[in-house]
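Below: one structure, written as structure tokens.
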């Protein structure tokens, strides 16, 4: 074999292996986890993203050892990740009392295979844990600090069983250096869980330093719960020297024995087709389709047809689809007829309802269709005069809940006779629409044969109207030229969308910000509107450096749901630091919305703990006092000498004066 041929074969094999390699990335659910020296059971999640087209099986994960962490292991995780899906993995670590405080990076390696098959490394990811100094463990601490810690245990170990009442125990430990009084423990459970014949608050009472006490809660898990990890918030409250002290911890509990996955809610009814008019007693055909626009399988799909009384389904009223794949569409054709003798000459509505799931978790989407049934006044006689809604306009594609809109209606007299005294009334179920500035009715004195008339009325959608296509009934009463009274009803469809609202919590600053030191910010956000937010994406911007992408794609966010966004960054220099977190999403109308949350902090110079140990500046040596003593002695000698000289001169003067006096005598 020539060298060129061998090289070509090697390139082909390498390209094939590269093409077959899965596209996998790993990232932390929260970029930064905060902890304290001596903490045990510090939990964090890693997300494994399978961007390939094949399912990954036999997945395992290992947490690499790190200085200052005495234990670290995987508690729960997905063994399989679907194509274009995500896996979630819960890790727990213990932090040494002597661990350096600051940022620690922990690495996780993901593998697949094992056993008889060789183990293959998929990818690696990291999480940053910020460790703060524990004032209780610090020997220099001279004041009292209340600290409550907890551990939990489920009846089945670390999991709860769906459809059963489980014993969920919480052990509370006073790890502070002060006694606590009136300690209480409260569970905040997700909607799928409830307490069986028990209160949510358990009284613990007095707790001395280092003392532990255990309370138990009977937790019932709904049988419809998905097999996944749920967050349970444990709230601990007490009194420390009469002052309130509170400590909250979130624990993550696996639920088993429940539904394999949640149901998709993105079902759409469309393609409705049926005649606008049919003879009473004659058959007519309606066609429509149901499409799964979600990203997951829609299971237990039930399609029901409910025609107004007087119209009869000749074929089938209910259709069942066990599974409807994402993007799949199913078409249906149904034949109706009416009783020729009992049917009235009016418009009849037909309701199409598609339900996904069963029980309380079921979601139903509805659409309405309408048909006018024509009927002779008598055999061989002229048809009754008939008026229909030929056309209508909202002036827009949809109506927003709580806002007004203009409704234009075109009425058409289909008969060869004139009609008189026409009263038209508009109504909707549950008061979804109300008139603005007028009543819900208007009057037309006369409409000649085969003529049309347009009317305009201003209406408002209720703020509580559901986001769906809602039927608006148009009821008409009128007379013919002989004074006979007739009635007709048409149904028009008004698409309603709810307002969107994204609420973002305040961004809490880290305890200390130093130039060049990695840190992070964390913020929680909520869908406080009444409709789903689509394609929600979060990204952070500012004058800082990042070690990984700050972009987070949250996808679709249901009404009432909340999520958390965290990211790590490194301040570039001391001084002011500013930035913002930008949220973008699509509202139900497809319009792009943006919400920005700004933040600004002050960055300090490098921390002394990170800069190293300062060298002690030697104290200045004391100066010698010998010169001082010499100066003092010299001054004393000079004073004595001057005093003696003064006495000598005085005595000499007196002696000379005496001698002069003696000579004069």
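Can you name every residue in region 99-131 that is at pLDDT below 75 and closer than 21 Å to residue 175 by Cβ?
101
Which condition number in (1) under 30 Å from residue 564 (Cα atoms); (2) out of contact with any helix residue (DSSP H, G or I) (no Cβ under 9 Å at 6 or more places or on another chain) is the one that residue 449 fails?
Unmet condition: (1).
Would you point out which residue out of 242, 238, 176 is surrounded by fewer than 14 Cβ atoms within 10 Å (Cβ to Cβ) and not assigned by TED's automatic domain parsing to the domain that holds residue 358?
242
Among (1) modelled with pLDDT under 85; (2) surrounded by 16 or more Cβ atoms within 10 Å (Cβ to Cβ), where does residue 350 come up short?
(1)
Scanning region 234-277 for residues that are at pLDDT 85 or above and in a loop (DSSP other than H, G, I, E, B), which turns out nearest to the chain's Cα centre (by Cα)?
The extreme case among them is 274.
Sort out which residues of region 188-210 are assigned to a strand (DSSP E or B), on the phi < 0 side of the Ramachandran plot and surrounded by fewer than 12 Cβ atoms within 10 Å (Cβ to Cβ), and write them in order of number.
203
Within region 501-523, which residues are at pLDDT 85 or above and either under 27 Å from residue 397 (Cα atoms) or loosely packed, with under 15 Cβ neighbours inside 10 Å (or both)?
Hits for region 501-523 are 501, 502, 503, 505, 506.
Considering region 358-386 alone, what residues qualify as being under 26 Å from residue 301 (Cα atoms) and at pLDDT below 80?
Matches in region 358-386: 358, 359, 360, 361, 362, 363.
Looking at 598, 573, can you tell me which residue is assigned to a loop (DSSP other than H, G, I, E, B) and at pLDDT 85 or above?
Unique residue meeting the criteria: 573.
Among the residues of region 409-425, is there at least one that is on the phi > 0 side of the Ramachandran plot and modelled with pLDDT under 80?
Scanning region 409-425, I find no residue that is on the phi > 0 side of the Ramachandran plot and modelled with pLDDT under 80, so the answer is no.
One line per residue, one yes/no per condition, for (1) surrounded by 15 or more Cβ atoms within 10 Å (Cβ to Cβ); (2) touching a residue at least 40 places away in the same chain (Cβ under 8 Å); (3) in the same structural domain as residue 415 (by TED's automatic domain parsing); (4) not in a strand (DSSP E or B):
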{"position": "427", "(1), (2), (3), (4)": "yes, yes, yes, no"}
{"position": "438", "(1), (2), (3), (4)": "no, no, yes, yes"}
{"position": "465", "(1), (2), (3), (4)": "yes, yes, yes, yes"}
{"position": "470", "(1), (2), (3), (4)": "yes, yes, yes, no"}
{"position": "476", "(1), (2), (3), (4)": "yes, yes, yes, no"}
{"position": "487", "(1), (2), (3), (4)": "no, yes, yes, no"}
{"position": "490", "(1), (2), (3), (4)": "yes, yes, yes, no"}
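With respect to residue 319, determine if the residue is part of a strand (DSSP E or B), under 27 Å from the mean Cα position of the chain (by Cα) and touching a residue at least 12 places away in the same chain (Cβ under 8 Å).
Answer is no for this residue.
Tell me whether region 425-437 contains one or more residues that are in contact with a helix residue (DSSP H, G or I) (Cβ under 9 Å, 6 or more places away or on another chain) and within 26 Å of residue 369 (Cα to Cα).
no
Can you tell me how many residues in region 415-425 are in contact (Cβ under 8 Å) with a residue 60 or more places away in the chain and surrounded by fewer than 20 Cβ atoms within 10 Å (Cβ to Cβ)?
3
Go through (1) under 10 Å from the mean Cα position of the chain (by Cα); (2) surrounded by fewer than 18 Cβ atoms within 10 Å (Cβ to Cβ) and name the single condition residue 539 misses.
(1)
Filter region 492-501 for residues that are assigned to a loop (DSSP other than H, G, I, E, B) and in contact (Cβ under 8 Å) with a residue 40 or more places away in the chain and give the result.
498, 499, 500
Mind listing whichever residues of region 211-227 are surrounded by fewer than 18 Cβ atoms within 10 Å (Cβ to Cβ) and modelled with pLDDT under 80?
226, 227
May I ask you to verify whether residue 563 is free of Cβ contacts under 8 Å to residues at least 60 places away in the same chain, surrounded by fewer than 20 Cβ atoms within 10 Å (Cβ to Cβ) and not assigned by TED's automatic domain parsing to the domain that holds residue 127?
Yes.
The values are calculated or read from the model by the stated rules, or taken from the named source; none is laboratory data. The model shown is predicted, which means the values in this text are computed figures rather than measured ones. Methodologically, a virtual Cβ is constructed for each residue, glycine included, from the backbone with ideal geometry; neighbour enumeration extends over all protein chains shown.
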